[in-house]
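K.L.:
One structure is given below, represented as structure tokens, and several questions about it will come after.
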Amino acid sequence: KAKQAGKNRAQFYAPHMQADALARIQLETDLRTALEQEQFVLHYQPIVAATSGRVVGAEALIRWNHPRRGMVAPGEFIEVAEDCGLIVPIGEWALREAVRQSCAWREAGQSPLRIAVNVSGVQFREPGLPEIVRTLLPEGEGRAQLMLEITESVLMDGSEEAESRMREIRDYGIAYALDDFGTGFSSLSYLKRFPVDVVKIDRSFVRDCPDDHSDASLVEAIINMAHSLDLSVTAEGVESVEQRDFLRDLGCDFLQGYLIGKPLSPLEFAAFARANAPFVQDAAFAG
Ligand code: C2E
Ligand code: MG
Ligand code: MG
Ligand code: MG
């Protein structure tokens with residue numbers, strides 16, 4: 001802003017910039033406290049199969065249960081956490097918590113679901129990540145089915161290293177979703193080269209479907225392209241029955257959005273999963 005306004009305005013903005021800087025430092029301090037006092041929680045947004053409507057997994061979304069401000073959305077603190085490096089321990093906490101919750105659900109008899117955890121590019125570049133993932137995952141039967149959601153930016157920079165890191169982590173049984181697909185700069189060649197399992201169509205493209213023809217054709221193209229590369233597709237931000245039917249008819253594999261379910265507390269999600277679980281008996285009887 002200050003740049004656009006020219007030299008004379010720089011002074012005008014100075015006091016605000018100072019206030020901003022102070023607010024940032026305060027936020028950083030508060031985030032450290034939040035980590036120490038375990039003020040973060042994960043909510044779980046259901047992901048369902050488009051054709052059956054049965055739950056296949058969930059995306060774990062972090063919230064900050066702030067002692068004064070109440071539930072704070074990630075949009076208000078992730079960026080600052082990335083800038084000051086706190087995203088690394090916060091992201092590690094999220095991974096640990098998702099695995100813990102997933103194991104607890106399985107011990108309670110829930111059929112296994114894949115839990116997707118968002119991993120920031122900053123966190124993905126940390127050399128210690130594969131080791132963290134390895135030690136987090138319990139061996140054997142109870143092994144949590146994890147999926148990491150990364151963005152196109154991870155594939156773009158230092159791609160040699162990103163690729164080998166992805167493969168190393170993948171060897172622990174972890175799947176990858178490419179989040180917010182279409183908003184970055186990735187190309188077909190990236191999707192072919194990196195071991196991605198699922199493409200998540202960003203909700204900005206789903207929002208005006210099916211009425212907006214250019215968005216509708218874009219969504220159709222992404223689905224067909226992903227399928228031709230043997231990738232599955234999840235649509236984000238499904239809010240209406242029209243969107244759901246449109247996406248399902250195009251062959252989109254999985255759906256996520258307020259129409260299906262909002263991000264839920266662990267207790268609420270467990271109830272949702274019970275009500276929308278695949279009929280294991282039916283599957284056994286089929287064929
Ligand atoms: P995302 O990974 O793209 O997550 C989807 C966001 O869209 C979530 O916002 C979710 O609540 C919202 N959403 C889902 N369905 C709908 C819908 O039908 N309509 C609308 N309008 N919104 C919908 P949320 O929870 O505020 O998270 C925002 C972003 O924060 C996430 O975007 C992700 O990039 C980041 N984030 C969340 N948790 C974590 C985390 O544990 N670690 C990191 N690094 N980032 C996280
Ligand atoms: Mg995500
Ligand atoms: Mg997303
Ligand atoms: Mg998104």
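The values are calculated or read from the model by the stated rules, or taken from the named source; none is laboratory data. None of these values were measured; they are calculated from a predicted model. A quick note on method: Cβ atoms are made from the backbone with ideal geometry, for glycine too, and the neighbour counts reach across all protein chains shown.
K.L.:
Residues to consider are S102, S52; find the one that is over 30 Å from T29 (Cα atoms), small (G, A, S), over 17 Å from the mean Cα position of the chain (by Cα) and more than 8 Å from ligand 1 (Cβ to nearest atom).
P.N.:
S52 is the lone residue from the list that is over 30 Å from T29 (Cα atoms), small (G, A, S), over 17 Å from the mean Cα position of the chain (by Cα) and more than 8 Å from ligand 1 (Cβ to nearest atom).
K.L.:
Does the range 240-262 include one or more residues that are in contact with a Lys or Arg (Cβ under 7 Å, 6 or more places away or on another chain) and hydrophobic (A, V, I, L, M, F, W, C)?
P.N.:
yes
K.L.:
Okay, moving on. Could you please give the count of residues in the range 186-201 that are over 18 Å from V241 (Cα atoms) and within 12 Å of ligand 1 (Cβ to nearest atom)?
P.N.:
Looking only at that region, the number is 1.
K.L.:
Failed condition for R248, given (1) more than 16 Å from ligand 2 (Cβ to nearest atom); (2) assigned to a loop (DSSP other than H, G, I, E, B); (3) out of contact with any Leu (no Cβ under 6 Å at 6 or more places or on another chain), with all others met?
P.N.:
All conditions pass for R248, except number (2).
K.L.:
Can you find a residue in the range 262-281 that is within 16 Å of ligand 3 (Cβ to nearest atom) and closer than 17 Å to P46 by Cα?
P.N.:
yes
K.L.:
Also, I was wondering about something else. Among the numbered criteria (1) at pLDDT below 90; (2) within 16 Å of ligand 4 (Cβ to nearest atom); (3) not in a loop (DSSP other than H, G, I, E, B), which single criterion is violated by A162?
P.N.:
Among (1) at pLDDT below 90; (2) within 16 Å of ligand 4 (Cβ to nearest atom); (3) not in a loop (DSSP other than H, G, I, E, B), the lone unmet condition for A162 is (2).
K.L.:
Restricting attention to strands (runs of 3 or more DSSP E) lying wholly within the range 1-94, give those where 1 or more residues are within 30 Å of R244 (Cα to Cα), modelled with pLDDT of 95 or more and in contact with a His (Cβ under 9 Å, 6 or more places away or on another chain).
P.N.:
55-66, 70-72
K.L.:
Among the residues in the range 185-206, are any touching a Cys at 6+ places or on another chain (Cβ under 8 Å), crowded, with 19+ Cβ neighbours inside 10 Å, free of Cβ contacts under 8 Å to residues at least 60 places away in the same chain and farther than 21 Å from E236 by Cβ?
P.N.:
no
K.L.:
In the range 166-196, what residues are small (G, A, S) and more than 11 Å from ligand 3 (Cβ to nearest atom)?
P.N.:
Once the filter is applied, which keeps residues that are small (G, A, S) and more than 11 Å from ligand 3 (Cβ to nearest atom), the range 166-196 yields G173, A175, G184, S186, S187, S189.
K.L.:
Pick from V199, V154: which is more than 21 Å from F254 (Cα to Cα), within 16 Å of ligand 3 (Cβ to nearest atom) and touching a helix residue (DSSP H, G or I) at 6+ places or on another chain (Cβ under 9 Å)?
P.N.:
None of the others qualify; the one that does is V154.
K.L.:
Then there is this: When the residues of the range 232-270 are narrowed to those that are charged (D, E, K, R), more than 9 Å from ligand 1 (Cβ to nearest atom) and surrounded by 20 or more Cβ atoms within 10 Å (Cβ to Cβ), which ends up farthest from L178 (Cα to Cα)?
P.N.:
R244
K.L.:
Follow-up. Just one of A277, A273, A221 is away from ligand 1 (no atom under 16 Å from the Cβ), surrounded by fewer than 16 Cβ atoms within 10 Å (Cβ to Cβ) and under 30 Å from C103 (Cβ atoms); which is it?
P.N.:
A277
K.L.:
On to the next question. It is to be established whether one or more residues within the range 261-284 are in a helix (DSSP H, G or I), among the basic types (K, R) and either in contact with a Pro (Cβ under 9 Å, 6 or more places away or on another chain) or modelled with pLDDT of 95 or more (or both).
P.N.:
Within the range 261-284 (the criterion being in a helix (DSSP H, G or I), among the basic types (K, R) and either in contact with a Pro (Cβ under 9 Å, 6 or more places away or on another chain) or modelled with pLDDT of 95 or more (or both)), the answer is no, since none of the residues qualifies.
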